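Worksheet for the structure shown next.
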């Protein structure tokens, strides 16, 4: 059982917030890319989407609004949703990219204008979860959320949709899409709706990172707010991150005057283990020491009462010249130049 609240609030050990957008005004979506025609407004401080063309136009009346960011493969995507008018349905595309790994907006890809076939049998790969499906009679009689995988039109997972019809809907409904390793899960108000485990063979190769986009079918009107995207890390990655943080904290408290062996002893680790952890993160103990010393030096240089000689002594340099050489090497300026720039 996945506890979404633990992922959101455990201090980054399982998830790290990498993107946040309130979707509250036009400025919030100035870089978004619209494919097709839509009316976008912001009543009540949230993004309202509705079709600019009549539903009688069929697929030509539909559209996709893309967030311009590329997101990693393992993510938790969350947003608030209010259904305003039926019929219609909503879709979230995710892990969207060119079929050969191109960026979704690579000019070599076929132009997309909102018609659905361009998104499932065009030249892109993507997952698409559909919810609040109230378009066709069978969708209105039996409410489900569907997960499809493209290239192709593969229905890979399905679950009951708990969102009521517009007349009974209050909102907001917090929608959560989790993709980690081979698993994709969808939640409404933290209630798991479906789960799909991809074998990377039956419905095509595993999909990695990419872009996310909102799609609606005419004549539905929906409102959206508080888009958050978290990058998910494995337990092993979280342990490495925590250890690096502990090492940096010890170096900071010792003002750089600590050895790898002393640090290892305080953490009850063998020095070779610390060395391996640092190598995995493409860094060294010396690099961490220099990084923390530079932070301390800048903090003290921001205090006019601290002289360069006093800072050199605090950082355990034998003389001011050695400190000045260190500071210049790693900051690109002398302590005096840094102070002048800050002032």
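Coordinate-derived values only; no laboratory data. Please read all numbers here as calculations on a predicted model, not as lab measurements. Glycine also receives a Cβ, built like all others from the backbone with ideal geometry; neighbour counts cover every protein chain displayed.
Compute the whole-percent fraction of alpha carbon pairs in segment 139-234 spaced more than 19 Å apart.
More than 19 Å apart: 51 percent of the Cα pairs in segment 139-234.
At R0 = 56 Å, how high is the FRET efficiency between residue 273 and residue 168 if r is their beta carbon distance? Nearest 0.05 is fine.
0.45
Can you give the relative contact order of segment 78-138 as a percent, counting alpha carbon pairs under 8 Å and 6+ residues apart?
50 percent
Could you work out how far the C-alpha centroid of segment 125-167 sits from that of segment 98-116, in angstrom?
About 23 Å separates the Cα centre of segment 125-167 from the one of segment 98-116.
Please identify which residues in segment 303-322 have an amide N closer than 11 Å to a label point set 7 Å out from the Cα of residue 342, following the Cα→Cβ vector.
The answer is 303-308.
Taking Cα centroids, how far is segment 175-190 from segment 247-326 in Å?
41 Å
Normalising by the residue count of segment 262-325, find the relative contact order in percent from Cα pairs under 8 Å and 6+ residues apart.
14 percent
Sticking with the crude label model, points 7 Å out along Cα→Cβ, report the distance from residue 190 to residue 239 in nm, one decimal please.
Rounded to a tenth, the inter-label distance reads 2.8 nm.
How far is helix 320-331 tilted, in degrees, relative to the longest principal axis of the Cα atoms in the chain, given as a value from 0 to 90 rounded to the nearest 10?
20 degrees
Once the Cβ-Cβ distance between residue 325 and residue 30 is put in as r, and R0 is 45 Å, what FRET efficiency do you end up with, to the nearest 0.05? Mind dumping the intermediate values first?
On the way: r = 46 Å, r/R0 = 1.01.
According to the calculation, E is roughly 0.50.
If R₀ is 45 angstrom, what is the calculated FRET efficiency for the pair residue 183 and residue 257, using the beta carbon separation as r and rounding to 0.05?
Details: r = 46 Å, r/R0 = 1.03.
Using R0 = 45 Å, I get an efficiency of 0.45.
With everything on Cα atoms, drop me the angle between helix 285-301 and the longest principal axis of the chain, reported from 0 to 90° to the nearest 10.
The angle comes out at about 80 degrees.
With springs only between Cα atoms under 10 Å apart, run a GNM on the chain and tell me which of 253, 85, 134 wobbles the most.
253
Measuring from label point to label point, each 7 Å out along Cα→Cβ, what is the residue 16 to residue 73 span in nm?
For residue 16 paired with residue 73, the spin-label model returns 1.7 nm.
Which value in Å is the Kirkwood Rh of segment 235-342 over different Cα pairs? Don't skip to the answer; put the middle values down first.
Numbers: mean 1/r = 0.0674 Å⁻¹.
It works out to 14.8 Å.
What is the Å³ per residue value for the convex hull set by the Cα atoms of segment 45-137?
With only Cα atoms used, segment 45-137 gives 132 Å³ per residue.
Ignoring everything except DSSP H segments at least 4 long, calculate the 222 nm mean residue ellipticity for the chain; use -39,500 (n - 2.57) per segment, divide by total residues, nearest 500.
Details: 10 runs with 96 residues, N = 343.
Computed ellipticity for the chain at 222 nm equals -8000 deg cm²/dmol.
What angle do you read, to the nearest 10 degrees and between 0 and 90, between the alpha-carbon axis of helix 271-280 and the longest principal axis of the chain?
Taking the Cα atoms of the chain, the angle to 271-280 is about 50 degrees.
Can you give me the orientation-averaged projected area of the convex hull built on the Cα atoms of the chain, in nm²?
The Cα convex hull of the chain, projected and averaged over all directions, gives 22.6 nm².
Hey, what did segment 157-263 get for relative contact order, percent, Cα under 8 Å, at least 6 apart?
14 percent.
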